[in-house]
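Chemist: Shown below is the structure under consideration.
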Amino acid sequence: MKIAITSTGKDLDAQVDPRFGRAAYIIVVDTDTLDFEVIDNSENKNAFKGAGITAASAVCDKGAQVLITGFCGPNAFKTLDSAGVKVANDATGTVRSTVEDYKAGKFTFSDSANAEGHW
Amino acid sequence: MIISIASGKGGTGKTTVATNLCASLDADLMLLDCDVEEPNAHLFLNPNITEEKKVNAPVPKVDLSLCTRCKKCMEICRYGAIAVAGKAVVTFPELCHSCGGCMVVCPEKAITETDRFIGTVETGSLGLPEGASFGQGLLDIGQVMAPPVIKQVRQLEGQKKLTIIDAPPGTSCPVIAAMKGTDFVLLVTEPTPFGLHDLTLAVEAVKLLDIPCGLVINRAGLGNDGVNNYAQKENIPILLEIPFDKRIASAYSKGELLVRALPEYKEIFKGLYTSIEALVNRKGAA
């Protein structure tokens with residue numbers, strides 16, 4: 001299955017970016033083969049409004065079923081939830097170790113946002 | 001004639017000037033409180049509210065059976081108020097600015113508008129001056145879109161010869177909505193570095209709108225002469241200076257009009273109106 005992880009860099013050894021909407025990159029990894037695809041989020045990073053919503057839409061487009069990040073705000077969560085994408089928060093370490101942690105069942109899915117919206 | 005009273009910085013005395021100007025004139029007038037996030041002119045004027053009208057803002061509603069998930073709506077929305085997520089289309093009514101853009105660009109005509117309650121407009125009458133009318137907007141708690149409520153309050157304009165608008169502070173959309181199309185902007189400031197900083201922003205906004213303006217310096221004697229120097233440099237007339245006076249603060253704290261506590265101010269505010277009238281007529285003649 002495909003999972004999306006927010007990342008500070010473009011490969012599996014990059015650190016997880018704790019932000020979702022304004023993460024540098026979002027890496028979509030196949031948990032079986034470790035094949036991955038990089039979403040360049042740089043344009044969205046400086047978005048005027050709605051960064052979380054746009055990033056959530058991009059994650060859905062890539063067919064990811066799970067998003068793992070540090071913090072996910074209410075609008076991003078609502079968007080992902082509508083598309084049936086599950087969200088796990090509080091990730092740290094590298095993208096690769098996060099995939100391993102996920103496969104080892106170390107994440108629990110959240111049922112709501114874990115960060116305040118930005119005004 | 002429509003006079004809007006704005007400031008840039010909050011707490012400089014917009015409402016003090018608006019309510020006392022209103023109470024000093026015998027003219028056929030109305031006061032509109034457009035500071036819809038926290039209208040407070042009513043505290044000083046005690047209007048008799050006789051009518052209440054709901055304000056709704058149109059927000060998009062998507063017919064999923066017609067939608068092809070082409071994302072054109074999402075691309076045009078600057079505020080992220082509509083998003084395609086997988087097979088779902090999500091809307092965020094609280095982010096929507098009601099521009100209707102998503103509806104226009106939708107090739108399948110899958111988007112229609114539905115109303116969302118955002119606030120109330122109240123109207124009534126004033127005792128001072130006799131026969132004057134009053135209107136105010138109240139943005140509903142939790143809502144952030146003030147301009148549609150302000151525009152509804154301003155629909156009341158034109159029923160009287162003179163309209164005085166108490167504008168919100170700042171220089172963003174709500175202030176523009178309150179000042180746009182008025183004949184004169186009276187800027188109220190205080191002679192402090194904070195007052196000057198925000199006044200400078202407000203003056204820039206007024207210039208963009210090409211409306212004649214003048215200045216009231218409240219709490220004069222406090223701070224420094226930065227505002228006076230700025231006004232001189234920018235050629236903005238200082239129409240009134242209200243001194244930093246404990247008696248004025250005391251009346252304000254009790255919700256009492258300045259012209260009632262210190263009746264000599266009635267002539268001063270009448271004089272302010274005469275100066276504004278002259279400036280507006282001069283602009284009209286030019």
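The values are calculated or read from the model by the stated rules, or taken from the named source; none is laboratory data. For clarity, every value in this text was computed on a predicted model and none was experimentally measured. Cβ placement follows ideal geometry from the backbone for every residue including glycine, while neighbour counts extend to all protein chains displayed. What goes into the accessible areas is simple: the full protein's heavy atoms, side chains included, and nothing from ligands, DNA or RNA. Shrake-Rupley method; radii C 1.70, N 1.55, O 1.52, S 1.80 Å.
Chemist: Within segment B:234-286, report the GluC sites (Glu not before Pro) that DSSP leaves as loop and that have at most 16 other Cβ atoms within 10 Å.
Modeler: On the way: sites: B:Glu234, B:Glu241, B:Glu256, B:Glu264, B:Glu267, B:Glu277; in loops: B:Glu256, B:Glu264.
Answer by residue number: B:Glu256, B:Glu264.
Chemist: So, R0 is 22 Å and r is the distance between the beta-carbons of B:Lys151 and B:Glu130; what FRET efficiency does that work out to, to 0.05?
Modeler: Efficiency, from the Cβ-Cβ distance: 0.15.
Chemist: Enumerate the calculated ³J(HN,Hα) couplings along segment B:196-202 in order (Karplus 6.51 cos²θ - 1.76 cosθ + 1.60, θ = phi - 60°), each rounded to whole Hz, writing x wherever the residue is Gly or Pro.
Modeler: After applying 6.51 cos²θ - 1.76 cosθ + 1.60, I find 5, 4, 6, 4, 4, 5, 5 Hz.
Chemist: Count the lysine pairs in segment B:136-268 whose Cα atoms sit under 17 Å apart, keeping only pairs 8 or more residues apart in sequence or on different chains. Show your work: numbers first, answer last.
Modeler: Values: B:Lys151/B:Lys180; B:Lys180/B:Lys207; B:Lys207/B:Lys233; B:Lys246/B:Lys254.
Qualifying lysine pairs in segment B:136-268: 4.
Chemist: Using modelled backbone amide H atoms (1.01 Å from N, in-plane), which distant-in-sequence or interchain residues come within less than 5 Å of A:Ile39's amide H?
Modeler: A:Ile26, A:Ile27, A:Val28
Chemist: If you don't mind, another one. If each of B:Asp28 and A:Met1 carries a label point 7 Å out from its Cα toward its Cβ, how far apart are those two points in nm?
Modeler: Spacing of the two 7 Å Cα→Cβ label points: 7.3 nm.
Chemist: Could you tell me the center-to-center distance, by alpha carbons, between segment B:184-229 and segment B:85-155 in angstrom?
Modeler: Taking the Cα centre of segment B:85-155 as reference, the centre of segment B:184-229 is 30 Å away.
Chemist: Accessible surface of B:His197 in the full protein assembly, 1.4 angstrom probe, to the nearest 10 Å²?
Modeler: 110
Chemist: Roughly how much of A:Phe109 is accessible, in Å² to the nearest 10, using a 1.4 Å probe?
Modeler: Ignoring ligands and nucleic acids, A:Phe109 comes out at about 90 Å².
Chemist: Hey, any idea what Rg/Rh is for the protein assembly as shown, computing Rh the Kirkwood way over Cα pairs? All intermediate terms of the calculation are to be shown ahead of the outcome.
Modeler: Numbers: Rg = 27.0 Å, Rh = 24.3 Å.
With Rg and the Kirkwood Rh in hand, the quotient comes to 1.11.
Chemist: In addition: Quick one: compute the contact order of chain B, relative version, from alpha carbon pairs under 8 angstrom and 6+ residues apart, as a percent. Walk me through the numbers before you get to the answer.
Modeler: Details: 584 pairs, mean separation 76.4, N = 286.
Relative contact order comes out at 27 percent.
Chemist: If you don't mind, there's one more thing I want to ask. Using the Karplus curve 6.51 cos²θ - 1.76 cosθ + 1.60 with θ = phi - 60°, what ³J(HN,Hα) values do you get for each residue of segment A:2-13, in whole Hz, with x for Gly and Pro?
Modeler: 9, 10, 9, 10, 6, 9, 7, x, 9, 9, 6, 8
Chemist: Under the 0.36 nm per residue contour assumption, what length would be gained going from the current alpha-carbon distance of B:Ser250 and B:Asn48 to full extension? Walk me through the intermediate numbers first.
Modeler: Details: separation 202, 0.36 × 202 = 72.72 nm, distance 2.50 nm.
Between B:Ser250 and B:Asn48, full extension yields 70.2 nm more.
Chemist: With all protein chains present and a 1.4 Å probe, how do B:Arg247, B:Arg282 order by accessible area, largest first?
Modeler: B:Arg282, B:Arg247
Chemist: With a 4.7 Å Cβ cut-off, tell me which Cys residues in the protein assembly as shown come up empty for a partner.
Modeler: Within the protein assembly as shown, the cysteines lacking a partner Cβ under 4.7 Å are A:Cys60, A:Cys72, B:Cys22, B:Cys34, B:Cys67, B:Cys70, B:Cys77, B:Cys96, B:Cys99, B:Cys106, B:Cys173, B:Cys213.
Chemist: Among B:Ile82, B:Thr274, B:Ser133, whose Cα lies farthest out toward the positive end of the dipole of chain B, if unit charges sit on the beta carbon of Lys, Arg (+1) and Asp, Glu (-1)?
Modeler: B:Ile82
Chemist: Same structure again: Nearest 500 deg cm²/dmol is fine: what mean residue ellipticity at 222 nm does chain B get from its DSSP H runs of n ≥ 4 alone, each adding -39,500 (n - 2.57), divided by its residue count? Don't skip to the answer; put the middle values down first.
Modeler: Details: 11 runs with 100 residues, N = 286.
Calculated from helices alone, the mean residue ellipticity at 222 nm is -10000 deg cm²/dmol.
Chemist: Going by amide H atoms built from the backbone, whose H comes under 5 Å of the H on B:Gly170, apart from near neighbours?
Modeler: Correct list: B:Ser7, B:Gly8, B:Lys9, B:Gly10.
Chemist: I'd like the distance separating the alpha-carbon centroids of segment B:41-63 and segment A:25-73, in whole Å.
Modeler: 41
Chemist: Rounded to the nearest 5, what % of the DSSP beta bridges within chain B are antiparallel ones?
Modeler: On the way: 26 of 54 bridges.
Roughly 50 percent of the DSSP beta bridges within chain B come out antiparallel.
Chemist: Let me ask you something else. Based on DSSP, what percent of beta bridges with both residues in segment A:2-103 are antiparallel, to the nearest 5?
Modeler: On the way: 13 of 19 bridges.
Of all bridge pairs located within segment A:2-103, approximately 70 percent are antiparallel.
Chemist: Can you work out ³J(HN,Hα) from phi for every residue in segment B:216-221, in order, using Karplus 6.51 cos²θ - 1.76 cosθ + 1.60 and θ = phi - 60°, giving whole Hz and x for Gly and Pro?
Modeler: 10, 9, 9, 6, 4, x
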